[in-house]
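**Student:** Mind having a look at this structure? Questions to follow.
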Amino acid sequence: MGFLLSIAAGYGQAETAFAATVVLDPGHGGNNEGAGSGSAFSEKRFTLALAQAVAAALSSKHRVELTRSADIELAPADRAAVANHLKADLMVSLHAAVAPYCSDRTAAVYIHNDERLVMGSGKTESSKSDPPAWETLQIRHQQNSQTVAEEIRIALEASGAFDHVAVYTAPLIALMGADLPAVLLEVGCIHPTVALTKDQYEQQLNAYAGPIAAAIETALDTLAP
């Protein structure tokens, strides 16, 4: 598991009895820049900075790990593998939308759903052969993932940081192999032709990090045994 990059010790919490383990997955990385490719504030940089800020807000109570803590590229399966290896309680993959299809005050929470998979059979409608096990792992956590998504939606809307938050389902390769509750959160709006100042960038990150951390905290309460 050489791709596993721990941040817990960095926050001085290595020996704390944590309430839960949370894996934050900063989207993109390396040659995969995401929205705003080539910009100093591209999606890969935004998601990493956001994940680090959310982790700092959660780390006093929870063990928080990032799938990447540097500008490196990860295979989608490796992202879920981090959470599986840690036996995490929750995985949240962080992304940003790209203008003009977004605004700074909207957010979306996605859960994985592949309609080709027939519940209970583990087979696809188009094939009689069994798919690889990792393709079906998230399906059995779909109800809990849906609950988490709704709790995050409600908390983000109540925070006042967002005017509208929606929950969607979609086939998500980064989540399909996660053997635990998992969601993808899309916040912010990357404007490829608009250069933010450093202060504007940091203000936006700070405006999102606190509400996201609080929403994750609320969602974790629903998963408690």
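Since every read-out is calculated from the coordinates, none of them should be taken as a lab result. Computed from a predicted structure; not experimentally measured. In this analysis, Cβ positions are derived from the backbone assuming ideal geometry, glycine residues included, and neighbour counts consider all displayed protein chains.
**Student:** Just order 189-202, 139-152, 17-30 by mean Cβ neighbour count inside 10 Å, highest at the front, would you?
**Tutor:** Order by mean packing, descending: 17-30, 139-152, 189-202.
**Student:** Next question, about the same structure. Under the rule a/c < 1.5 gives rounded, and otherwise a/b versus b/c splits prolate from oblate, where does the stretch 53-95 land using the Cα gyration tensor?
**Tutor:** oblate
**Student:** Testing the spin-label approximation: label points 7 Å from Cα along Cα→Cβ at Glu73 and Thr147. State their distance in nm.
**Tutor:** Modelled inter-label distance: 3.9 nm.
**Student:** Can I ask one more? In debye, nearest 20, what is the charge dipole magnitude of the stretch 18-223 about its Cα centre with +1 on Lys and Arg Cβ and -1 on Asp and Glu Cβ, if you could check?
**Tutor:** Roughly 220 debye for the stretch 18-223.
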